[in-house]
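Participant: Just dropping this structure here.
The values are calculated or read from the model by the stated rules, or taken from the named source; none is laboratory data. Treat the numbers as computed from the prediction; the structure is a model and nothing was measured. Cβ atoms come from the backbone with ideal geometry, glycine included; neighbour counts cover every protein chain shown. With ligands, DNA and RNA removed, areas are computed over all heavy atoms of the protein, side chains included. Shrake-Rupley method; radii C 1.70, N 1.55, O 1.52, S 1.80 Å.
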Amino acid sequence: MSSTTSDPRLSSSRGAPRKGMQLSWADPKFRAIIWQIVIVGIIGGTIWYLVANTTANLAQRRIATGFEFMGRTAGIPIGEHLIAYDPSINTYGRAFVIGILNTLQVTVIGVVLVTFLGTFVGIASLSGNWLLSRLCRTYVEIMRDIPLLLHLLFWYTMVLGLPILREAIEVLPGVHISNNGVKVPLLDWQPAHSWASLAFIVGLVLVGIARRRATRIQNATGDRPKVWPLAIAALILVPAIIWLGFGAPFHMDMPVKGRFRFEGGGAVSGEMIALLIGLVLYHSAYAAEIVRSGITSVVSGQWEAAGALGLHRPTVLRKIVLPQALRVIIPPMTSTYLGVAKNSSLAVAIGYPDLVAIVNTMLNQTGQAIEGIALIMGVYLTISLAISLFMNWYNARIALVER
Amino acid sequence: MNRLFAGALAAGALLTATAALAQTGSATIDAIVKRGELNCGVAGTSPMFSLPDSQGVMRGLDADSCRAIAAAILGDAKKIKFIPTTTQNRFTALQSGEVDLLYRSTTWTLAREGNLGAMFASVNFYDGTGFLVKASLKVKSAKELDGATVCVAPGTSTELAVADYFRVHKMKFTPVLIQDLSELQNAYLSGRCDTYSTDSSGLAGFRFQQGPKAVEHVLLPDIISKEPLGAMVRKGDDKFFDIVRWTYFATLIAEEHGITQANVDEALKSTVPEIRRLMGLEGDMGKALGVDNKWAYNAIKQTGNFGEGWDRNVTPYGMPRGINNLWNNGGLQYAPPMR
């Protein structure tokens, strides 16, 4: 603190002479230490009391404790799993991992969609087009005024209102929509596809390097060497040649309607669709307001100055306004992302097997409520801290560099 | 000398009196008496078991089983508070002492008795997991359900029973697990699930609730598990366990002897030894349990015998008594002798 203050009485040699600490209540240093000891003592005592009380009660009520149940065969069925799962073989530990993955899946997709939709609505609500900006303002007001749980139940009811599986609508060849969700054809994955993908990724890295080099040369000489021939070669030609070299396998795994379900193909469940729609609509309204406030926070002189230089409005927005607005946008946006992660736990209301739903079932079947809740808290804390860390890093990176 | 003797007698009386007061030896019973009402954990959403009627009065087999216990301990079946619990929070409610006991159509299993610090005191309904399907599906047996989507409430023993059944028959299924019962039933009705699985009593109740549309739903004949439903109490309070268990037995014994709510006062004049013990006329059965000797009389007078409870709560839903008949009538309901 004292380094930033300009009051000479506090920082210069003209201040009161430093004394050693007195063991007296009149000494602020001594008081501060005593207060800290008292506060740490209160916090520590409370924690100790809670832990001791819980342990004593558990023992008294003869309730089994510990995490051994994680190694036991789960037996609980789970509707959607990103990794293989068989309740008769796999353990509660694996069911727990599936819960984490399902939560992460919804969070990641949700955050991406919220960012895009929120940015679009936020920018569009500042548009000069009266109709567009009114529409966006109305969207924001309606979406954020409806409680999220209501959103979810509403969209789930909408999904349930779709035709049943036996009467699924085929919107595109192989794409079936029913109240079970969406079934899509999947590419029958062959080694050729893996190698072609690998070549594509290598190509991306190469193009990235080439672009940096081009920028460096442009900065030094003013001439920008062409990158696009390399891009075409590395991103399209090489992967295509590799794919052809393997015999050009291309076979779509089409979903085939059985008596109770589609066999083959990939699926997105109705529960996940309803959850994503609800989460994205609700949180994008907040994101839109954050983006709008960020853009409005950039003084209009910036627009005018850029306009005077002859730049187009989209260019001004992209190159001048948004980079400055981001500094205002990022911190509250972090809160919105955290909201998406945590609110995905409302999935339990509409039957999407997220972390909370699975751990709830686990603690019900095993009776290990405290352990279960601790697991849920631990996972959400980790996810939230990870999002915060990333966003803080990003915020620091785009922060205005003061010279 | 006489005075001293009288004083000693008074002191002795006082000692025995306090001994008699403390005789219940049960923290739970003492708490119930002190509170003046029984806290009973029920579902509150389950037809046949516990569902409030249009007057807000809790109706059902579980509700009446709890009332009998309130009558046995406190002498008044109305001194009761029903606390609705979900399948997810019921055990926590019991463990934490929020409820004195659970009558929440809860299945008696080893893991629950071993891990939860609780034990089962009675089985007021012998049930089994069944499947309800739409008649339009034209499914005749659960064995035809390979690949089906099944609506199940999470955290129930049904969930495990269904997983076991499909595993044994080498069939696949997709579960849809929704905690809220009405949302779950909605998912079934809208066709999101091909079948809805829970205890067959629950399915019968649900089908009945559909009114004229009940014929659109078929209860499959397969009963895939044993689901003995009953009262759950905390471990470590044996006296309370006894009173919960024997109140249930008392309603069975009353049915066995044909004692009903209507004729229970005539039974007070009976000469049959077991009836006299049941009515508290001899044998000090109530005292042995730590309650008033009129405990069973009160319970039957105010809530009726087991069969009456069944006729009042279950029969209207079209559920046959089946294995829930008394043992001498081909069923499983059997009470040890009261002596």
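Conditions (1) more than 14 Å from chain B (Cβ to nearest Cβ); (2) open to solvent by 40 Å² or more (accessible area, probe 1.4 Å); (3) over 22 Å from A:ASN102 (Cα atoms); (4) assigned to a helix (DSSP H, G or I), marked per residue:
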residue	(1), (2), (3), (4)
A:ALA325	yes, no, yes, yes
A:MET333	yes, no, yes, yes
A:ASN343	yes, yes, no, yes
A:ASN360	no, no, no, yes
A:GLN365	no, no, no, yes
A:LEU389	yes, yes, no, yes
A:TRP393	yes, yes, yes, yes
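Participant: Kindly list, by first and then second residue, each pair from a residue in the stretch B:90-119 that is in a helix (DSSP H, G or I) to a residue that is open to solvent by 20 Å² or more (accessible area, probe 1.4 Å) and at pLDDT below 85, limited to pairs with Cβ atoms under 6 Å and residues at least 6 apart or on different chains.
Facilitator: Close Cβ pairs satisfying both conditions: B:THR92/A:ALA369; B:GLN95/A:ARG61; B:ASN115/A:ALA64.
Participant: If you don't mind, there's one more thing I want to ask. Answer yes or no as to whether A:ILE370 is within 14 Å of chain B (Cβ to nearest Cβ) and in contact (Cβ under 8 Å) with a residue 60 or more places away in the chain. Please lay out each step first, then the result.
Facilitator: Numbers: within 14 Å of chain B (Cβ to nearest Cβ): yes; in contact (Cβ under 8 Å) with a residue 60 or more places away in the chain: yes.
Yes.
Participant: For A:GLY278, work out the one condition from (1) within 30 Å of B:GLU144 (Cβ to Cβ); (2) touching a residue at least 12 places away in the same chain (Cβ under 8 Å) it doesn't fulfil.
Facilitator: Only one criterion is unmet by A:GLY278, namely (1).
Participant: Moving on to the next point. What tally of residues in the stretch A:118-174 results from selecting those that are in the same structural domain as A:LEU346 (by TED's automatic domain parsing) and among the acidic types (Asp, Glu)?
Facilitator: Summing the residues that are in the same structural domain as A:LEU346 (by TED's automatic domain parsing) and among the acidic types (Asp, Glu) in the stretch A:118-174 gives 2.
Participant: Among the residues of the stretch B:314-329, how many are surrounded by fewer than 16 Cβ atoms within 10 Å (Cβ to Cβ) and β-branched (Val, Ile, Thr)?
Facilitator: Looking only at that region, the number is 2.
Participant: Given A:VAL268, A:VAL238, A:VAL227, which one is within 14 Å of chain B (Cβ to nearest Cβ) and closer than 30 Å to A:SER197 by Cα?
Facilitator: Of A:VAL268, A:VAL238, A:VAL227, the one residue that is within 14 Å of chain B (Cβ to nearest Cβ) and closer than 30 Å to A:SER197 by Cα is A:VAL268.
Participant: When you check A:GLY71 against the structure, is it touching a helix residue (DSSP H, G or I) at 6+ places or on another chain (Cβ under 9 Å), surrounded by fewer than 12 Cβ atoms within 10 Å (Cβ to Cβ) and within 14 Å of another protein chain (Cβ to nearest Cβ), yes or no?
Facilitator: No; evaluated as a whole, the condition is false for this residue.
Participant: Taking the stated definitions as given, is B:SER157 more than 13 Å from chain A (Cβ to nearest Cβ) and out of contact with any Leu (no Cβ under 7 Å at 6 or more places or on another chain)?
Facilitator: On the way: more than 13 Å from chain A (Cβ to nearest Cβ): no; out of contact with any Leu (no Cβ under 7 Å at 6 or more places or on another chain): yes.
No; evaluated as a whole, the condition is false for this residue.
Participant: From the list B:VAL176, B:VAL168, B:VAL123, pick out the single residue that is touching a residue at least 12 places away in the same chain (Cβ under 8 Å), more than 7 Å from every other protein chain (Cβ to nearest Cβ) and not polar (S, T, N, Q). Step through it out loud before you land on a result.
Facilitator: Numbers: B:VAL176 fails: more than 7 Å from every other protein chain (Cβ to nearest Cβ); B:VAL168 fails: touching a residue at least 12 places away in the same chain (Cβ under 8 Å).
Of the residues listed, the single one that is touching a residue at least 12 places away in the same chain (Cβ under 8 Å), more than 7 Å from every other protein chain (Cβ to nearest Cβ) and not polar (S, T, N, Q) is B:VAL123.
Yes/no per residue for (1) farther than 20 Å from A:GLY79 by Cα; (2) aromatic (Phe, Trp, Tyr); (3) open to solvent by 30 Å² or more (accessible area, probe 1.4 Å); (4) not assigned by TED's automatic domain parsing to the domain that holds B:THR303:
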residue	(1), (2), (3), (4)
B:LYS78	yes, no, yes, no
B:GLN88	no, no, no, no
B:THR92	yes, no, yes, no
B:VAL99	yes, no, no, no
B:PHE120	yes, yes, no, no
B:LYS138	yes, no, yes, yes
B:ALA153	no, no, no, yes
B:MET171	no, no, no, yes
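Participant: Checking A:ILE370 against (1) of a type in the set (A, V, I, L, M); (2) in contact with a Leu (Cβ under 8 Å, 6 or more places away or on another chain); (3) farther than 21 Å from A:THR115 by Cβ; (4) open to solvent by less than 40 Å² (accessible area, probe 1.4 Å), only one condition comes out false. Which one?
Facilitator: If we test A:ILE370 against (1) of a type in the set (A, V, I, L, M); (2) in contact with a Leu (Cβ under 8 Å, 6 or more places away or on another chain); (3) farther than 21 Å from A:THR115 by Cβ; (4) open to solvent by less than 40 Å² (accessible area, probe 1.4 Å), just (4) comes out false.
Participant: Here's a follow-up. Let me spell it out: the conditions are (1) within 26 Å of A:LEU172 (Cα to Cα); (2) among the aliphatic types (A, V, I, L, M); (3) within 31 Å of the chain's Cα centre (by Cα), and A:VAL256 meets all of them except one. Which number is the exception?
Facilitator: Every condition holds for A:VAL256 apart from (3).
Participant: Continuing with this model, one more query. Within the stretch B:33-66, can you find the residues that are aromatic (Phe, Trp, Tyr) and in contact with a Lys or Arg (Cβ under 6 Å, 6 or more places away or on another chain)?
Facilitator: Hits for the stretch B:33-66: nothing passes.
Participant: Tell me, please, whether a residue that is in contact with a Ser or Thr (Cβ under 9 Å, 6 or more places away or on another chain), of a type in the set (Gly, Ala, Ser) and more than 9 Å from chain A (Cβ to nearest Cβ) can be found in the stretch B:100-109.
Facilitator: Checking the stretch B:100-109: at least one residue is in contact with a Ser or Thr (Cβ under 9 Å, 6 or more places away or on another chain), of a type in the set (Gly, Ala, Ser) and more than 9 Å from chain A (Cβ to nearest Cβ).
Participant: Given A:ALA267, A:ALA288, which one is outside any helix (DSSP H, G or I) and closer than 30 Å to A:ASP354 by Cα? Full working, then the answer.
Facilitator: On the way: A:ALA288 fails: outside any helix (DSSP H, G or I).
A:ALA267 is the lone residue from the list that is outside any helix (DSSP H, G or I) and closer than 30 Å to A:ASP354 by Cα.
Participant: OK, next. (1) touching a residue at least 24 places away in the same chain (Cβ under 8 Å); (2) farther than 19 Å from B:SER122 by Cβ; (3) open to solvent by less than 60 Å² (accessible area, probe 1.4 Å); (4) not aliphatic (A, V, I, L, M): which one isn't true of B:GLY290, the others all being true?
Facilitator: (2)
Condition check ((1) of a type in the set (Asp, Glu); (2) closer than 27 Å to A:LEU113 by Cβ; (3) crowded, with 16+ Cβ neighbours inside 10 Å) across all residues:
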{"residue": "A:ILE201", "(1), (2), (3)": "no, yes, no"}
{"residue": "A:ALA210", "(1), (2), (3)": "no, no, yes"}
{"residue": "A:ALA234", "(1), (2), (3)": "no, no, yes"}
{"residue": "A:PRO239", "(1), (2), (3)": "no, no, yes"}
{"residue": "A:GLY258", "(1), (2), (3)": "no, no, no"}
{"residue": "A:SER269", "(1), (2), (3)": "no, yes, yes"}
{"residue": "A:ALA287", "(1), (2), (3)": "no, yes, yes"}
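Participant: To continue, here is another question. Could you list all residues from the stretch B:186-224 that are closer than 30 Å to B:ASP100 by Cα and either in contact with a His (Cβ under 9 Å, 6 or more places away or on another chain) or within 13 Å of chain A (Cβ to nearest Cβ) (or both)?
Facilitator: Within the stretch B:186-224, B:SER197, B:LEU203, B:PHE206 qualify.
Participant: Tell me whether the stretch B:225-238 contains one or more residues that are in contact with a Gly (Cβ under 6 Å, 6 or more places away or on another chain), open to solvent by 10 Å² or more (accessible area, probe 1.4 Å) and farther than 30 Å from B:ILE300 by Cα.
Facilitator: yes
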